[in-house]
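Notes follow once the structure below has been shown.
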Amino acid sequence: MIYNDIKHIVTNFRFEGTYESACELTAGNINVSYKLTYRLPNGSRAQYVLQKINTVAFKDPVELMKNIQLVIDHLTAAQAREGKDVSRRILRFIPTVSGSYLYRDSHGDYWRADYFISDATAYDIITDPNQLYEAGRGFGEFQRYLFDFPADKLIETIPDFHNTTKRFYAFVAAVAEDRAGRAAGLTKEIDFFFDRRKMMDSIVSMTKNGEIPLRVTHNDTKLNNVLIDNETQKAICVIDLDTVMPGSILYDYGDAVRYGASTAAEDESDVSKIDVNMELFRLFTEGFVGEIRSTITENEIINLPLGIKVITCELAMRFLTDYLNGDEYFKIRYPDHNLVRARAQMALLEKIESRFDEMTAFVKTLL
Ligand code: GN1
Ligand code: MG
């Protein structure tokens, strides 16, 4: 069945060998991704990731791919300088038959493909606490490599992506328009975000007034966006470079803790299961800060826990906004999925708020 969806696409890429099988990779909420297996002439197998880019989220795939290529070149040079073997550490795209990295099909959809990095895992849920330390180290290292990236070379692939203040305005508009007729029963949820408006403005305003520097950041640091080597259990490669653009490091740090240190899935429907695992919070923080301690400011370190709060609130609000808009942005697997996601992230935020002082006390020990 999957083959029918992609057979007209795969022939347009310079994959080695002959097509054998494909399965869908379902972890992402935006792009559609497939893992392809090809058989090589010597009988061994090659694996690739094929992706259809979501153009509701990414309006300009051509510019998006230029951004990613600049980031890849920068990462490659930085790691080569450290004498690292980059072959399993950096995404590598497969050219199309016409030699570019994007194929536009007859419906106008954009496709790209890269080598699947084998013998490594993108964890949705960790199997060992050390993996969170490694995830922290991996994202920290990625951040370190980007410190001297010339930000003015990058376009904003999604303008105002983590401008939480503007996200709030979009939420207010969604409530007012109530396009899907869903706002009536959601007074409690809607009030939740109005009550946190000031907190949601905090990083944007600190960035504006220069208290927190603008850096080149990843902007989507879910645990499953860093690959951990199966054998060494070390973080080897940060993936999903679609949203690398200027931003605050507080969001990258916060998003990773939000997802990786939670005791439940991002869309857990039983909110009583949701909490922050403080050991995992500490492990991630140590790994992350350890890589970049000498390059970030004290003010950034002290405000790391604020990043966890703001990004969790932002994402909860984005899920609710999408629910109010009739589910036009995030892929959903069942009708109320976005509402369930929003409630899960709201529950997580309440736990983060209750542990905020403890988190702040911990990051201060790293100063
Ligand atoms: C989306 O598709 P994925 O998993 O890479 C979203 C992130 C959210 C995340 C929540 C471009 O990321 O911002 O944090 O879902 N990406 C975009 O799971 O909107
Ligand atoms: Mg992503």
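Report yes if some residue within the range 167-189 is open to solvent by 10 Å² or more (accessible area, probe 1.4 Å), under 22 Å from residue 309 (Cα atoms) and in a loop (DSSP other than H, G, I, E, B); otherwise report no. No: zero hits.
For the range 83-92, indicate whether the set of residues that are touching a residue at least 40 places away in the same chain (Cβ under 8 Å), over 18 Å from residue 236 (Cβ atoms) and touching a helix residue (DSSP H, G or I) at 6+ places or on another chain (Cβ under 9 Å) is non-empty. No, every residue in the range 83-92 fails to be touching a residue at least 40 places away in the same chain (Cβ under 8 Å), over 18 Å from residue 236 (Cβ atoms) and touching a helix residue (DSSP H, G or I) at 6+ places or on another chain (Cβ under 9 Å). With respect to residue 327, determine if the residue is more than 20 Å from residue 31 (Cα to Cα), modelled with pLDDT of 95 or more and open to solvent by 30 Å² or more (accessible area, probe 1.4 Å). Against the criterion (more than 20 Å from residue 31 (Cα to Cα), modelled with pLDDT of 95 or more and open to solvent by 30 Å² or more (accessible area, probe 1.4 Å)), residue 327 does not qualify. So for the range 201-212 (the condition being outside any helix (DSSP H, G or I), within 22 Å of the chain's Cα centre (by Cα), aliphatic (A, V, I, L, M) and surrounded by 14 or more Cβ atoms within 10 Å (Cβ to Cβ)), does at least one residue qualify? Yes, because at least one residue in the range 201-212 is outside any helix (DSSP H, G or I), within 22 Å of the chain's Cα centre (by Cα), aliphatic (A, V, I, L, M) and surrounded by 14 or more Cβ atoms within 10 Å (Cβ to Cβ). Annotation note: Cβ proximity below 9 Å between a residue of the range 17-34 that is closer than 18 Å to residue 4 by Cα and of a type in the set (D, E, K, R) and a residue that is within 11 Å of ligand 1 (Cβ to nearest atom) and assigned to a strand (DSSP E or B) (sequence gap 6+ or interchain) occurs for 24/32; 24/33. Helices (runs of 4 or more DSSP H) fully within the range 234-325 that include at least 2 residues being closer than 25 Å to residue 341 by Cα and either within 14 Å of ligand 1 (Cβ to nearest atom) or touching a residue at least 12 places away in the same chain (Cβ under 8 Å) (or both): 249-260, 278-292, 304-324. Residues in the range 44-69 that are within 18 Å of the chain's Cα centre (by Cα) and of a type in the set (Val, Ile, Thr): 49, 53, 55, 56, 68. I'd like to know if the range 21-34 contains one or more residues that are in contact with a Cys (Cβ under 8 Å, 6 or more places away or on another chain) and surrounded by 12 or more Cβ atoms within 10 Å (Cβ to Cβ). Yes: the range 21-34 contains one or more residues that are in contact with a Cys (Cβ under 8 Å, 6 or more places away or on another chain) and surrounded by 12 or more Cβ atoms within 10 Å (Cβ to Cβ). For first residues located in the range 51-74 and without any contact (Cβ under 8 Å) to a residue 60 or more places away in the chain, partners that are assigned to a loop (DSSP other than H, G, I, E, B) and among the hydroxyl-bearing types (Ser, Thr, Tyr) and lie 6+ apart or on another chain with Cβ distances below 6 Å form the pairs 65/101. Selection of the range 100-143 for residues being β-branched (Val, Ile, Thr), out of contact with any helix residue (DSSP H, G or I) (no Cβ under 6 Å at 6 or more places or on another chain) and either closer than 13 Å to residue 260 by Cβ or assigned to a loop (DSSP other than H, G, I, E, B) (or both) yields 125, 127.
Scan 225, 219 and give me the residue that is in contact with a helix residue (DSSP H, G or I) (Cβ under 7 Å, 6 or more places away or on another chain) and surrounded by 21 or more Cβ atoms within 10 Å (Cβ to Cβ). So the residue among 225, 219 that is in contact with a helix residue (DSSP H, G or I) (Cβ under 7 Å, 6 or more places away or on another chain) and surrounded by 21 or more Cβ atoms within 10 Å (Cβ to Cβ) is 219.
One residue is enough: does the range 265-274 have a residue meeting the conditions touching a strand residue (DSSP E or B) at 6+ places or on another chain (Cβ under 8 Å) and surrounded by 19 or more Cβ atoms within 10 Å (Cβ to Cβ)? Within the range 265-274, one or more residues are touching a strand residue (DSSP E or B) at 6+ places or on another chain (Cβ under 8 Å) and surrounded by 19 or more Cβ atoms within 10 Å (Cβ to Cβ). Count of the range 139-158 residues, restricted to those that are buried (at least 16 other Cβ atoms within 10 Å of the Cβ), within 16 Å of ligand 1 (Cβ to nearest atom) and not aliphatic (A, V, I, L, M), is 3. Return yes or no: is residue 307 surrounded by fewer than 16 Cβ atoms within 10 Å (Cβ to Cβ) and small (Gly, Ala, Ser)? No.
The values are calculated or read from the model by the stated rules, or taken from the named source; none is laboratory data. Model, not experiment: these values are computed from the prediction. All Cβ positions, even for glycine, are placed from backbone atoms using ideal geometry, and neighbour counts span all protein chains on display. In case anyone asks, the SASA skips ligands and DNA or RNA and just uses the protein heavy atoms, side chains included. Shrake-Rupley method; radii C 1.70, N 1.55, O 1.52, S 1.80 Å.
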